[in-house]
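Remarks on the structure that follows.
The values are calculated or read from the model by the stated rules, or taken from the named source; none is laboratory data. None of these values were measured; they are calculated from a predicted model. So basically every Cβ, Gly included, is an ideal-geometry build from the backbone, and we count neighbours across all protein chains shown. SASA here: full protein model, heavy atoms, side chains in, ligands and nucleic acids out. Shrake-Rupley method; radii C 1.70, N 1.55, O 1.52, S 1.80 Å.
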Amino acid sequence: MTTKRHRICKEWIEITATIATELSMSETHDQLCEVVQQKIFTVLTGLQKQNKLNTQIQRSIRQAESLTEVEDLYAPYKPGHKGTLAERARALNLEPVAMACIQNSGNVNLNKHIKLGVKGLSSEKEVQTGIQHIIADLIHRDDSVIKVVKDLCKTNGILIECSKFVTSKKLSAKTLEKAQKAQQSSYKFENYFEFKGSSRTIRPHQVLAINRGEEQKILTVKYTIPESIRQKFNYTAEKKYLRFECKGSVRGLMLRAIDDCWSRLVQPQIIRQIRSELTKSAQKSSIDVFSSNLRNLLLSAPFEILENDDDRKFINIEKMLDDNACAVSLTYYSKVPVKSRPVIRF
């Protein structure tokens, strides 16, 4: 009888271990991919109905790897949105002027494009701003320029800094209340109050802890791209878009457009992508650790507790999830009350 019970228990452990390791990984990954692909399909369908879909937008959205990236790309085209700054400038017919500035076709006269009473064209400054937005958008869509920055960020990493969240009167009442409640458990994040690290060397558990601390208003997190990478971006963009013979006000306009492209478009996008990749990798790593721990536990040799010949108690292993911690309940099939069952946490 005992041998039969041992065999059944052994078979159950092997089957459960297989489910824990294979399904927890494959199903979670498949579900995430399916959600992202479903979102991409929905966004592309919506853009097509609005007649806003073109080859460039379609390619950018299809290359998105997370929901955050899809939302960022779709935000300027949502119904009711006024469109990107570059689109508004194009609607004012400023794109030919912007292309003339890039090609440096003689002296570009911006004053003749001024139209009093028209928002965006009422002064030379507004005309320059519109042209600047168009040029910045063109650079931002240039894969050959952006790829240089992405490769450098991936190779060298970016700086991650954390500090304790500081409340101020400028915060909304809801945010302020959340921050005050979170201070009660802020001691859990003391290791990150003066934290500095690189995206290349940060550990998965640190990424998840920093994300939780930021979400709970305990930590303030700042991602910074090294100045050397920005200088490389400026050099690459100027080499491709700023001609040597370009001088005067047009040259100044081109330089401002390159700076605007970096600070408003390129830098925020790359930081969002790096944060998304770090979070996704950390979540996958946490699933791997959980699966490994669970597999080792479930594959341990079955045994029974013998107090005497008349009272045999077999152990049943159950999976439980309590506050994101895995717990294993050792249930004694005997006279032990349910409330007395011990719980081991790991």
Legend entry - Residue count, segment 231-248 (criterion: open to solvent by 70 Å² or more (accessible area, probe 1.4 Å) and within 26 Å of LEU278 (Cα to Cα)): 2
Inset, instruction - Looking only at segment 77-91, decide whether some residue is under 19 Å from the mean Cα position of the chain (by Cα), open to solvent by less than 30 Å² (accessible area, probe 1.4 Å) and among the hydroxyl-bearing types (Ser, Thr, Tyr). - result: no
Inset, instruction - Please specify each residue of segment 213-254 satisfying the condition of being in a helix (DSSP H, G or I), without any contact (Cβ under 8 Å) to a residue 60 or more places away in the chain and in contact with a Phe, Trp or Tyr (Cβ under 9 Å, 6 or more places away or on another chain). - result: GLY213, GLU214, ARG230, ASN234
Inset, instruction - Report yes if some residue within segment 266-277 is of a type outside the set (Ser, Thr, Tyr), open to solvent by less than 30 Å² (accessible area, probe 1.4 Å) and under 23 Å from GLN128 (Cβ atoms); otherwise report no. - result: yes
Legend entry - Qualifying residue in segment 74-85 (condition: under 25 Å from LEU255 (Cα atoms), at pLDDT 85 or above, out of contact with any Phe, Trp or Tyr (no Cβ under 9 Å at 6 or more places or on another chain) and in a helix (DSSP H, G or I)): yes
Inset, instruction - Report yes if ILE210 is crowded, with 16+ Cβ neighbours inside 10 Å and assigned to a loop (DSSP other than H, G, I, E, B), otherwise no. - result: no
Inset, instruction - Run down ALA136, ALA173, ALA179, ALA100 and say which single residue is free of Cβ contacts under 8 Å to residues at least 24 places away in the same chain and open to solvent by less than 50 Å² (accessible area, probe 1.4 Å). - result: ALA100
Legend entry - Matching residues in segment 152-167 - criterion: being crowded, with 19+ Cβ neighbours inside 10 Å, within 11 Å of ILE274 (Cα to Cα) and not aliphatic (A, V, I, L, M): CYS153
Legend entry - Residues that are assigned to a loop (DSSP other than H, G, I, E, B) and open to solvent by 80 Å² or more (accessible area, probe 1.4 Å), drawn from segment 110-126: LYS115, LEU116, GLY117, LYS119
Inset, instruction - Taking ARG275 as the residue in question, decide whether it is farther than 18 Å from GLU161 by Cβ and in a helix (DSSP H, G or I). - result: no
